[in-house]
Amino acid sequence: LADAVLARARALDDRARQVAEAGAVIGRSFELELLGAVSRLDPEALDHGLRQLQERYLVVPGADPHGSFDFRHALIRDVLYDDIPLPRRRRLHERVATVAAGRGYRDAFVSAHFEQAGLAEPAHRHALTAAREAAALSAHREALALYRRAQRNLPAGQAPPEQAALLAAIGDEAAAVDDNAAALEAYEQAHRLLAGAGDRLGAAAVVARLV
């Protein structure tokens, strides 16, 4: 299947290939306006590229037939994505994240692209915002995944109280989905950080949650 997809993709001209790469980096589905901003093609070139992709059965119109498109299958998107050289892929992820943040896309979407771009600080910041929003809606599994993304992208030199607050939040969300082993580990790490930093009151507050 991968060979068949790549054979079709390599028959595309340069403009269509740019559209395919930008779409694959955005995701399984992509909106026309975001695609145009990321690919940096003018409307005529963008339309030309999309027509080629449809003619080769790589993409189809999405839920909004005038404003969105979907790859025909997730595997098609995955093959095209994996074929993009890593440095270019990271640049495209950064472009997606920057444009999406400026256009009010969800922080969860923005943080995922900053992480794929290898940019830890904005990935951490947007993931933290998205995690708090998800937790407020009791979407605990989503919140846990987002807090863990924030932890993976923790900026260097983060103060112990901030690290501990993130670990405690991970513990709260893990406990909410009955992953008690993960909750215990997160609370214990938070307690050690605060105790080691001499914050006895903060460490004592974590003990109540740990118990």
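At-a-glance table
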{"read-out": "Signed unit charges on C-beta, dipole axis of the chain, positive-most listed residue 201, 105, 18", "value": "18"}
{"read-out": "Placed amide H near residue 59: partners under 5 Å, 5+ positions off or other chain", "value": "54, 72"}
{"read-out": "Quarter of the Cα convex hull surface for the chain, i.e. its orientation-mean projected area (nm²)", "value": "13.6"}
{"read-out": "Most to least accessible of 115, 44 (protein chains only, probe 1.4 Å)", "value": "44, 115"}
{"read-out": "Accessible-area composition of the range 136-211, carbon plus sulfur, in percent [1.4 Å probe]", "value": "54"}
{"read-out": "Kirkwood hydrodynamic radius of the range 1-67, Cα pairs, Å", "value": "11.9"}
{"read-out": "Relative contact order [Cα under 8 Å, 6+ residues apart], the chain, whole percent", "value": "13"}
{"read-out": "Residue-by-residue Karplus 3J(HN,Hα) for the range 194-211, coefficients 6.51, -1.76, 1.60, Hz, glycine and proline x", "value": "5, 5, x, 8, x, 8, 5, 5, x, 5, 5, 5, 5, 4, 4, 5, 4, 5"}
{"read-out": "Per residue accessible area of the range 104-203, 1.4 Å probe, in Å²", "value": "51"}
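The values are calculated or read from the model by the stated rules, or taken from the named source; none is laboratory data. Note that the structure is a prediction, hence the values are computed from the model and not measured. No Cβ is skipped: glycine too gets one built from the backbone with ideal geometry, and neighbour counts run over all protein chains shown. Only protein heavy atoms, including side chains, enter the accessible area calculation; ligands, DNA and RNA are left aside. Shrake-Rupley method; radii C 1.70, N 1.55, O 1.52, S 1.80 Å.
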